[in-house]
Each structure stands twice: as C-alpha cells, then as structure tokens.
Amino acid sequence: PADIRDAAQARARSPPAPITDVARLCVCDLLVAQCDVNCCCDPDCSAEDFSLFTSCSVPVVTGDSQLCSQKAAVYSLDVEANPPERIFKLIDQVNPSIFCIHATNYKQALYLKSPEIPTPENFDQLLDKFGGATFSAEPDSWNLGTDAQNPPDANETSRYEYGLPVLTEDAFLRLPSPVVSSWCSDANPAGFLVNQATKCIRSVSVEKCDSIQALSMLFYINSSILAVPKSSEMVNITVQSIVVQSLNGMRTLLSSSDVLRLPMVLDGLCINAVLGVNYHITHTDTGEIIEAAAAFVLGAISKEALSIEQSFEISFTQENTQPVPLSGNPGYVVGLPVRAGFQPPGYPFPAAFLSNRHSQLTILHSTSTQDCLAAQGARATVLFGYNMISGCKLRITAAMKCQPLAQTLLDVLKGQSFPEYVASFGNSQAQDVLDWVPITQLLISEQMIPHTLQSSCQIPVSLAIEVKWTKYGSLVNPQARIVNVTATITTTTLKQLPSGRERIIPITSSVVFTDISSPAEPSYKAWPTIDIKLPFDFFYPFV
Amino acid sequence: SSQLSSLPLQILLYVNGIYYIFYFLATLAMIIYKSQVFSYPDDLLAPDLAVLFLMAILEVPRSYLGFKGNLTEAEAPLGLSLGLTVGSVVLCVYLLLWQTYVLWADVLLNALLLSAYGLESGLKVTAIAAFVS
C-alpha cells in the first residue's frame with residue numbers, strides 16, 4: 001500500500017551508507033551469493049572453497065595509507081596446512097613517516113564525496129551545475145569562473161570573427177537552408193567569411209502569393225546589418241541587380257534595379273516571387289562590414305505549383321581586393337582548378353599577370369552528341385591531380401575546306417582563350433611574375449614525310465597537356481608545385497576525299513599530371529664543433 | 001645576591017626565540033605541503049594560515065617584553081608578556097588539536113612549543129614574585 005511505497009521511495013532517494021569497516025570490505029566479491037575464485041575476503045566462501053584457492057587476489061584491505069595508524073585486514077592462505085586454509089588477521093598498520101596524518105578535523109578528506117541524489121527540489125540546481133558538456137571539479141571555482149565571463153571583453157567583440165553570425169538590428173542575417181528535410185528553414189544565420197550556397201524548397205500557393213513573406217524582396221533586404229557586433233552603425237542592403245526568370249526558364253536582366261518589385265497575382269500567376277538571392281558582403285581586414293548588396297532572381301509561380309526551389313548564396317570580399325579563389329595555400333590541392341593567366345602588354349617587363357575567373361586552363365568537354373562541330377564551347381576546367389581525357393568525333397565531307405577546318409579544330413581543342421602562363425603555386429599572386437610557369441606549346445605532325453614538302457594541309461587531331469609537378473617544402477608537409485606545362489598538338493594530313501564520301505576522325509584532348517619530385521633526402525644540421533683556442537701566451541713562461 | 005633577574009628565564013627566552021623561528025617556518029612549509037598533497041579547500045586553509053600568522057605577530061612583543069622585564073627587573077612588562085603568552089598558548093593548542101590536518105610532525109612541534117611556553121610561564125611567575133617582594 002501507500003506507506004510501503006513511500007518508505008521504498010525514501011530508501012531509494014538516499015544512497016546506501018558507505019562501508020568503512022575494513023573487515024567487511026571486499027573488492028573482489030563480485031558475484032552475489034556465490035564464491036568468487038581466489039577471493040579470500042568473500043563472505044560467501046566456505047572452508048572447502050578456501051582449500052581450493054591457489055593465492056589471495058586481495059591480500060590486504062586498508063583505509064587511507066596516509067594515516068599514522070589504521071586498521072588493516074590481512075588475508076593470506078596457509079598452504080602448509082592440509083587442507084589449505086585462509087588466515088584472516090586484523091592488525092594495526094603504522095605509517096612510519098613523520099608526515100603521516102595524526103588527526104583530521106575535515107571529515108571529507110579521507111573519503112570520496114557521496115554524490116547528491118537528485119530530488120524534485122534540487123534537480124534544477126543540479127542540472128545547472130552538471131548539465132553542460134564540462135563542469136569544474138572544484139565547486140567554489142565554478143562560481144568564480146562564470147562571474148569572470150560575464151563582463152564582456154570589449155576588444156574581442158568589437159569586430160566580426162570567422163564563423164560568427166552576421167548580426168542585423170533585430171536578429172541575424174538569414175540564409176534559408178534545408179535543415180532536416182529539403183524544406184527551407186529561415187533560422188540559419190549566415191556566418192561571417194563563410195561562403196555558402198544553399199538550395200531549399202518552399203511550399204507556396206498562388207492565392208497566398210503576397211502574404212508569404214519569404215517570396216517578397218523586402219524580407220531579404222529590410223533589416224540592416226550591423227557593421228560590428230554590439231554597435232549602432234548600420235549597413236543597408238542595396239539591391240545590386242534583378243533578374244527576371246520567365247516560366248520557360250529564360251532569364252532577363254532588368255536595367256533598373258532600384259524599383260522594389262513585390263509579389264502580386266497577375267493572370268493567375270504569382271509574379272515577382274523571389275527564386276534566388278545572392279548576397280555580396282564587403283568587409284575590411286579588421287572584421288568590419290562596410291557594404292552589403294543583394295542580387296535577386298525573381299520568377300513567376302503558376303497555379304499548379306505547390307512548391308518552388310529557392311537558392312541562396314553569400315560571398316564575402318575584402319575591400320580593395322579582387323577576389324580570386326585560391327587553389328591551395330601554398331601548394332595545389334588535388335581537385336582544385338589549375339590557375340592560369342595571360343601576360344599583359346608591356347613585354348619584356350610584365351607588371352602583373354591577368355588572371356581571373358575567366359582565364360582558366362580548360363579542355364574540351366565531351367558531349368552526348370560527340371560531334372565536334374555541333375556543341376562548341378563546352379569546356380571542362382582542368383583540376384589539379386585529375387588526369388582527364390575527352391574527345392569528339394569529326395565528320396569530314398568532301399566539301400570541307402582544309403584551312404578553316406584546321407582553325408575550327410584548333411578552337412575546339414584549345415578553347416577561346418587558351419592561357420599562356422600557369423600558376424606555380426595554388427596561391428600565386430598575379431603580381432609575382434616569377435611564380436608563373438609559361439606553357440610550352442609543341443606541334444607534332446603525325447605522319448612524317450621525310451623528303452617531300454608538307455604541302456598538304458595539316459589538321460590538329462589531338463591536344464595533350466602534360467603538367468609536371470613536384471613536391472616542395474618540408475618532408476612532413478610537402479606542397480605541390482607545378483614546374484612545367486607542355487601542350488602538344490598533334491596534326492595529321494587531311495587527304496582529299498572523293499565527293500560524296502565522308503570520313504569520321506576522332507579528336508582527343510587529354511591532361512596528364514606527372515609527379516617528377518626527386519626522392520626526398522632529409523638533411524640534418526651539422527654536429528656542432530668545439531672550437532677552443534687557447535690564448536697565445538697560455539704556456540708562458542715555458543714557451 | 002642583589003641581582004634579581006632570573007638567568008634560567010633569560011636562557012629560556014633566548015632559546016624560545018630561536019626555536020619559534022624554526023617552528024614558524026616548519027609549520028608554514030607543512031601547511032603548503034598539505035595544501036598540495038591533500039584536499040584542502042580555501043575556506044579551511046584561511047583560518048589555519050591566519051592563526052599561524054597571528055601567533056607570529058604576537059610572538060614579537062611577547063618576546064621583547066619578556067627580555068625587557070627580566071633585564072630591567074620590572075614586573076609590569078613581565079606581567080604583560082605573561083598575558084600575551086596565554087594568547088600564544090591558546091593559538092598553539094588550536095594548531096595542535098583543531099587544525100584541518102594534524103600531522104605527526106605538527107604534534108611534535110606544537111607539543112615542544114607548549115612545554116616551552118609552560119616552563120617560561122612558570123619562570124616568569126617566580127621572577128615577578130622576586131621583583132615584587
């Protein structure tokens with residue numbers, strides 16, 4: 001009944017009293033109501049069990065050995081007797097050291113602290129103290145620690161740091177992203193200097209077009225960003241550009257981007273709905289945001305659409321710099337694009353190389369039609385460390401002229417702007433001229449006609465880029481460095497075809513990365529030499 | 001003899017002064033050792049250190065007054081010194097019995113100091129009696 005239950009609960013709340021009598025303490029007594037083997041202090045063992053033991057696993061049980069005099073229970077086996085029997089002695093162990101504890105007035109010194117049993121009254125307080133990932137061993141210094149953290153350090157939070165959420169006047173700059181499922185969650189803050197691109201799905205309906213906040217441009221630009229956290233300086237988000245996407249996917253850039261276009265229902269469509277936002281934040285090198293701009297993609301939602309996909313991107317640029325993505329720091333990272341550039345006019349003393357996102361080393365990208373002349377312009381970026389081969393098929397008819405065909409094929413193989421220089425390191429700056437490696441271009445003719453002039457025209461059929469790289473730097477952290485880039489174009493003779501016939505020639509382009517690093521030799525410092533010179537009159541007056 | 005100053009008391013005062021310096025340094029070192037080796041919370045360490053330093057502060061006037069009283073054969077400084085000795089005895093008993101950790105070395109040092117104080121008090125009383133009469 002109720003009183004027995006209460007008594008049982010009361011017993012459960014308080015932990016069992018600790019045993020301090022050494023005669024009753026037994027560490028090896030693990031099995032309940034059963035005799036543990038070789039455990040001489042086990043009360044469940046009988047004399048017959050003791051006679052089968054070989055040794056005592058626990059020979060002595062004492063309290064704290066720092067005490068001057070304490071009780072000790074000594075267990076041993078008398079193997080001389082037949083049958084062997086256990087000997088139990090209770091002795092006074094004396095600590096001979098002069099620094100033994102004679103007495104103590106602090107009861108908890110000698111015993112482990114009993115933990116507090118949680119009750120409904122002290123549960124909240126225990127959760128505050130121990131609920132976190134870490135807690136201090138000293139209960140007193142715990143309180144001192146939290147007091148010290150409360151006054152904010154003015155130097156630390158007066159600028160943004162990497163990863164901190166970008167704060168706005170009411171909360172933080174939102175970058176909607178999928179959290180658990182693909183649905184957009186507006187609670188994802190944009191981290192400072194964290195370039196992110198997210199795509200998520202939002203449920204919409206044409207009737208509620210103007211009431212859904214996330215479809216309107218205002219939602220993304222109305223709150224201004226704080227220039228530094230904990231300050232009152234605001235940076236307004238300006239509209240950089242508006243691109244309108246029609247229902248069939250065609251995008252048009254609007255000429256005037258200062259007019260705010262809000263979603264409204266027109267002809268059964270919801271127009272001016274936000275399909276994508278691209279934030280560009282400019283910051284100083286001390287962690288202060290000075291400019292913020294947003295580029296919008298607006299689109300139309302038809303009546304049947306129940307959800308749309310929104311894409312968001314944010315990128316950070318330091319003021320007065322041209323953002324060039326690094327491909328490694330300093331050595332190239334496998335998988336990042338090989339940086340390339342052009343020599344600017346001003347030879348032979350170039351000031352700096354022209355290198356931007358549009359001048360990359362690219363090779364032909366194979367398409368599904370495999371027709372070289374049909375899909376021109378599909379290029380794949382050369383990524384460091386990835387050997388690539390691609391190609392297409394060229395259909396030659398009798399009517400084709402050689403010279404324009406050769407030029408077209410050269411464009412197909414090399415692309416529109418084939419670079420002249422390749423960056424030696426992943427972080428080579430455009431102004432360091434010595435860090436750039438020139439691309440050596442070779443022309444090989446497939447069919448060597450030794451004695452006659454090669455009057456028949458040659459068409460290029462393959463481009464092979466060989467990138468030689470080496471390991472540079474320390475043994476434990478070698479950095480990849482491009483040493484040599486050779487682009488070899490192989491040409492073949494175009495034989496005139498009889499009219500009506502056609503031929504198919506395969507065109508290939510490939511990139512190969514070769515590691516030419518010499519085996520590393522660790523070098524050690526020379527042993528220090530002992531350089532003792534006696535003064536010249538050391539042996540005076542004998543010498 | 002016309003000299004009333006007690007020679008045994010003078011010797012004892014001198015020896016006691018030297019012994020007290022050793023006692024203070026040894027007890028301080030042992031408190032530092034105890035605070036590192038054992039669990040010694042700050043709210044128990046503070047009273048022990050306070051008692052030790054209070055005893056050191058009391059010892060200086062106590063010793064000076066004892067010397068002065070005995071040499072000038074005046075009973076007033078000697079009586080004052082006796083009063084301060086009572087205070088020192090109380091503090092010494094605290095360090096002997098009610099310290100947080102009483103090591104065996106603590107027991108020895110404090111017992112020696114207590115017996116020195118006791119002998120000193122007895123000699124001071126006889127000296128006062130000699131000066132008064």
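The values are calculated or read from the model by the stated rules, or taken from the named source; none is laboratory data. Predicted, not measured: the structure shown is a model, and the values here were computed from it. Note: areas computed on protein heavy atoms with side chains; ligands, DNA, RNA excluded. Shrake-Rupley method; radii C 1.70, N 1.55, O 1.52, S 1.80 Å.
Note the angle between two axes, namely the Cα long axis of helix A:402-414 and the longest principal axis of the Cα atoms of chain A, as a number of degrees from 0 to 90, rounded to the nearest 10. Relative to chain A, helix A:402-414 is tipped by roughly 20 degrees. Straight Cα distances below 30 angstrom link A:Lys471 to the lysines A:Lys414, A:Lys525, with same-chain residues fewer than 8 positions distant left out. Of the three principal axes defined by the Cα atoms of the protein assembly as shown, the extents in descending order read 151, 110, 78 Å. Multiplying the residue separation of A:Asn329 and A:Lys89 by 0.36 nm and removing their Cα-Cα distance gives an extension gain of 79.2 nm. Axis of helix B:42-72 versus longest Cα principal axis of chain B: the two differ by about 10°, to the nearest ten degrees. Only protein heavy atoms count here; under a 1.4 Å probe, A:Lys107 has an accessible surface of about 140 Å². Working note: 222 nm ellipticity from helices only, DSSP H runs with n ≥ 4, each -39,500 (n - 2.57), summed and divided by the residues of chain B, gives -31000 deg cm²/dmol to the nearest 500. Here the Kirkwood formula puts the hydrodynamic radius of the range A:408-543 at 20.5 Å, using every distinct Cα pair. Surface calculation, 1.4 Å probe, protein heavy atoms: A:Glu304 sits at approximately 150 Å² accessible. Per residue, the convex hull spanned by the Cα atoms of chain B measures out at 85 cubic angstrom. Solvent exposure of B:Phe22, expressed as accessible area, is near 120 Å², computed with a probe of 1.4 Å over the protein chains only. Each DSSP beta bridge with both residues in the protein assembly as shown is either parallel or antiparallel, and the antiparallel ones are about 70%. Of all aspartates and glutamates in the structure, those lying under 19 Å Cα to Cα from A:Lys208, and not within fewer than 8 positions of it along the same chain, are A:Asp186, A:Asp267, A:Glu304, A:Glu309. Relative to the dominant Cα principal axis of chain A, helix A:139-149 is inclined by about 30°.
The order of A:Met250, B:Met30, A:Met388 by accessible area, most exposed first and with a 1.4 Å probe, is A:Met250, A:Met388, B:Met30. Would you calculate, for chain A, the mean residue ellipticity at 222 nm contributed by helices, counting each DSSP H stretch of 4 or more residues as -39,500 (n - 2.57) and dividing by all residues, to the nearest 500? Rounded to the nearest 500, it is -3000 deg cm²/dmol.
Excluding same-chain neighbours fewer than eight residues apart, the lysines reachable from B:Lys68 by a Cα-Cα span under 20 Å are B:Lys124. Kindly identify the range A:22-94 as rounded, prolate or oblate by the Cα gyration tensor criterion: order the square roots of the eigenvalues as a ≥ b ≥ c, call it rounded if a/c is under 1.5, otherwise compare a/b with b/c, prolate if a/b is larger, else oblate. Taking the square roots of the gyration eigenvalues as a ≥ b ≥ c, the range A:22-94 is oblate.
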